[in-house]
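Shown next, in structure tokens, is the structure this report addresses.
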Amino acid sequence: MRILSGIQPTGDKHLGNYSGGFRQYVETQERGDAFFCIVDLHSITVPYDPAALRSSTLDLAAMLFAVGLDPQRSTVFVQSHVKAHAESAWLLQAVASYGQLGRMTQFKDKGEGKDFVSAGLFTYPVLMAGDILLYQADLVPIGDDQRQHLELARDVAQSFNSRFGETFKLPEGVYPTVGARIMDLQEPTRKMSTTNGTPQGTVRLIDEPDVIRKKFKTAVTDSGREVRRGDDKPGITNLIDILSVATGETREQIEARYADGAGYGQFKGDVGEAVVELLTPIRERYLLLRSDEAELLRLLRTGAEKATATVEPTLRALYDRMGFVQP
Ligand code: TYM
């Protein structure tokens, strides 16, 4: 079983990334041959600072190991170290249409109202399709916001297979049953995000415990007093999901526990405490791992070598079937 996922290095990683991404990576690495890619090539599709990209790439590597990826089991690597990613992005543009890409909601969300919208922001899902298809991945653990991109990757694979011959496996997305879309604590109708969310409503994985407690204390709640889920209660629903992710309790268990009318204040305090408990050991491991850059670079180099060797046959097949003369 082949598993692949990717995550962007820029922007501080937050509780949404933990829930839809990291947590699932750690679970799925047990199920087969797992590859986790720090997608630096994706990060240049929005305005960015080169120096920040460099350090955030290493920050993310440290975080991936801190949350529990085991370098003995998982291959962790940087996308730009494996040249096949950039190459396949160009090649696959032959079978991805302008119309398909124009329907991507993330392109609309990230591009709307911006002075500068890069061409890369538009073609980005093709790069992501290549990331997945090059590895002949069976499973792709992701959060809900990447669902449309995964569907596009499947469409690209199908178009390529039918036009040039069977080449790619069709990947399946793996979504968490709870916490596939963690929302902003201040504006619970939009997803938690360091780039597009509110600073106070975004819980960063490296936030100090008191900062986390404060963010939960000031989280927006809904009318009424009961701790229960519902379309009319986006704030409380989100906090129940977060508590479930942090403690492993089901949402029903949580609702039952607060059915005696403990009130929102107590509930928010408890969620904050549970998140502090979840993130404190991760933050401590992260700080330790981040301090040894030489070791991180060594692990990433080893990962890139394995990834390069893994994708080589598929990359060759791609060129060959498309009719390129082999050197
Ligand atoms: P990225 O870097 O934005 O996010 C990384 C992972 O975190 C998940 N996520 C969330 N899950 C729940 N709630 C949220 N609020 C939340 N915010 C983010 C994302 O769904 C993702 O799983 N295009 C991708 C990166 C990528 C990729 C790939 C993923 C590039 N190539 C190949 C899988 C396979 C992205 O920008 O994710």
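Descriptive notes on the structure:
- Residue in segment 59-77 that is in contact with a Cys (Cβ under 9 Å, 6 or more places away or on another chain), modelled with pLDDT of 95 or more and within 13 Å of the ligand (Cβ to nearest atom) present: yes
- Applying the condition of being free of Cβ contacts under 8 Å to residues at least 40 places away in the same chain and of a type outside the set (A, V, I, L, M) to segment 308-327 and asking which residue is most open to solvent (accessible area, probe 1.4 Å) yields PRO327.
- GLY235 vs. criteria over 22 Å from GLN24 (Cβ atoms), open to solvent by less than 10 Å² (accessible area, probe 1.4 Å), within 16 Å of the ligand (Cβ to nearest atom) and not in a loop (DSSP other than H, G, I, E, B): yes
- Residues (open to solvent by 20 Å² or more (accessible area, probe 1.4 Å) and farther than 30 Å from LEU92 by Cβ) located in segment 146-187: THR177, VAL178, MET183, GLN186, GLU187
- Scanning segment 188-205 for residues that are over 13 Å from VAL220 (Cβ atoms) and open to solvent by 20 Å² or more (accessible area, probe 1.4 Å) yields LYS191, THR194, THR195, ASN196, PRO199, ARG204.
- Within segment 1-45, the residues that satisfy the criterion of being touching a Phe, Trp or Tyr at 6+ places or on another chain (Cβ under 9 Å), β-branched (Val, Ile, Thr) and more than 13 Å from VAL67 (Cβ to Cβ) are ILE3, THR10, ILE38, THR45.
- Selected residue (criterion: least open to solvent (accessible area, probe 1.4 Å)) from residues of segment 1-49 that are within 10 Å of the ligand (Cβ to nearest atom) and basic (Lys, Arg): LYS13
- Among the residues of segment 130-146, those identified as more than 6 Å from the ligand (Cβ to nearest atom) and within 17 Å of TYR18 (Cα to Cα) are PRO141, ASP144.
- Scanning segment 259-276 for residues that are hydrophobic (A, V, I, L, M, F, W, C) and open to solvent by less than 40 Å² (accessible area, probe 1.4 Å) gives PHE267, VAL271, ALA274, VAL275, VAL276.
The values are calculated or read from the model by the stated rules, or taken from the named source; none is laboratory data. Bear in mind the structure is a predicted one, so any value in this text is a computation, not a measurement. We place every Cβ from the backbone using ideal geometry, glycine too, and count neighbours over all the protein chains shown. The protein model used for the area step is the full one, side chains on, heavy atoms only, and it has no ligands, DNA or RNA in it. Shrake-Rupley method; radii C 1.70, N 1.55, O 1.52, S 1.80 Å.
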